[in-house]
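Reading through the structure tokens given below for one structure.
The values are calculated or read from the model by the stated rules, or taken from the named source; none is laboratory data. This is a predicted model, so every value here is computed, not measured. Note: ideal-geometry Cβ built from the backbone for every residue, glycine included; neighbour counts use all protein chains shown.
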Amino acid sequence: MNDLPLNGIVVLEFAQYLSGPSAGLRLADLGARVIKIEKPGTGDAGRKLAIKNLWAEDGSSLLFHAINRNKDSVVADLKNADDKERLCELIKGADVLLHNFRPGVMEKNGLDYEEVRKINKRIIYAEISGYGKTGPWKNKPGQDLLLQSITGLTYTTGNGDNGPVPFGISVGDILSGQQLVQGILAALIRRQKTNEGALIEVSLMESLLDFQFELLTTYYATGIQPKRSIQNNGHTLLGAPYGLYQTKDGYIALAMMDLYELADAIGCNALKDFGRLEVFERRDEIKLVLAAFLVNETSASWIERLHEFGLWAMEVLDWDKMEQLEAYRILEMEQQVNTNGNKFITTRCPVRINGKRLVSDKAAPAFTGIN
């Protein structure tokens, strides 16, 4: 689509793995021309980061194609004078340069913000680090699981007696990538008004701390880290019945609701032995009673009763079940990407513009020379 909002914007992506490339992916979806700058021989290390041992026909991982679709690529040796000169020509015509290298790497190669700004003073220079560019941890590896672990995020998921539980996705990488995009878009708007470039900085650590703003605000106020429910945890700050519960044939999710309305909806009078205001103080006791009751009937029967009372509840679905639902199919979240004549299915950009879904069948780039 030629009418996308970032049509005409050129982005140089010096990035690998997930955080930086996820930012580049969203900019490409919005219409920018994103050019990956890859090192000779191996390119983006993500090309060999296979998940479940799934590979595309060109030898790159399927994950690489999913997060680098809709981009172009050039190969450049940052230590080679000719390549460096041609890179400078690309920088002159670029609107955005983004990278996710450790602090000092771009400086070592003469491509830090101040040097790039000498080439193009209007450039939006955007970078993701693990822990920021200063401090004792600045050179530690910025890997998602490590960041989840040191920011306390692993003590927000799972039940209270489980020990730490990480998210099952690279949540820090994806969050920091999207936050970098927010900063880039804001800087592009300002540049349109003032003709000034900008330096945008995001770190995985700051992104994951921001992600926990509810919990950390509570901690800052009390000095006590909120505790997960031991029984059917759903959210550390919310009382019973909030959480997931096993039924006769699956699981259901219960969100915020009045305890006595829940008792009436499912016919569990034992819940009324607790005071309405005891849903946090006696959270695990209430959940234990509820869990023992809900396991006796099917998910569908419980959901029907709960919805009749206007209570917030849904069945817990795996992807096989989700795919069968009209509510899923109507969103048309799947798109086909072509890789050298072959095809695979991935998700599309979730943004719609003027009613149009943003889709592209362009695969991740193969290695090429600078052009």
In this structure, does G243 turn out to be on the phi > 0 side of the Ramachandran plot and either of a type outside the set (S, T, N, Q) or touching a residue at least 24 places away in the same chain (Cβ under 8 Å) (or both)? yes
Need the failing condition index for Y155 against (1) buried (at least 17 other Cβ atoms within 10 Å of the Cβ); (2) touching a Gly at 6+ places or on another chain (Cβ under 7 Å), just the number. (2)
So N120 ticks every box in (1) surrounded by 18 or more Cβ atoms within 10 Å (Cβ to Cβ); (2) in contact with a Cys (Cβ under 7 Å, 6 or more places away or on another chain) but one. Which box is left unticked? (2)
Based on this model, can you work out whether P136 counts as over 25 Å from the mean Cα position of the chain (by Cα) and loosely packed, with under 13 Cβ neighbours inside 10 Å? yes
Answer residue from region 157-207, given it is of a type in the set (V, I, T) and in a helix (DSSP H, G or I) and is farthest from P5 (Cα to Cα) among those: V171
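A quick yes/no check of all residues on (1) of a type in the set (F, W, Y); (2) assigned to a helix (DSSP H, G or I); (3) surrounded by 14 or more Cβ atoms within 10 Å (Cβ to Cβ); (4) touching a Phe, Trp or Tyr at 6+ places or on another chain (Cβ under 6 Å):
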position: F280; (1), (2), (3), (4): yes, no, no, no
position: D284; (1), (2), (3), (4): no, yes, yes, no
position: A292; (1), (2), (3), (4): no, yes, no, no
position: E297; (1), (2), (3), (4): no, no, yes, no
position: W302; (1), (2), (3), (4): yes, yes, yes, no
position: P365; (1), (2), (3), (4): no, no, yes, no
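Go through L199, L216 for me and flag whichever is of a type in the set (A, V, I, L, M, F, W, C), assigned by TED's automatic domain parsing to the domain that holds D112, at pLDDT 95 or above and touching a helix residue (DSSP H, G or I) at 6+ places or on another chain (Cβ under 7 Å). Spell out the reasoning first.
Details: L216 fails: assigned by TED's automatic domain parsing to the domain that holds D112.
Only one candidate qualifies: L199.
Wholly within region 1-87, which strands (runs of 3 or more DSSP E) include no fewer than the required count, namely at least 3 residues that are modelled with pLDDT under 95?
Result: 72-75.
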Hits in region 233-248 (condition: farther than 17 Å from R276 by Cα, assigned to a loop (DSSP other than H, G, I, E, B) and in contact with a strand residue (DSSP E or B) (Cβ under 9 Å, 6 or more places away or on another chain)): N233, G234, H235, T247
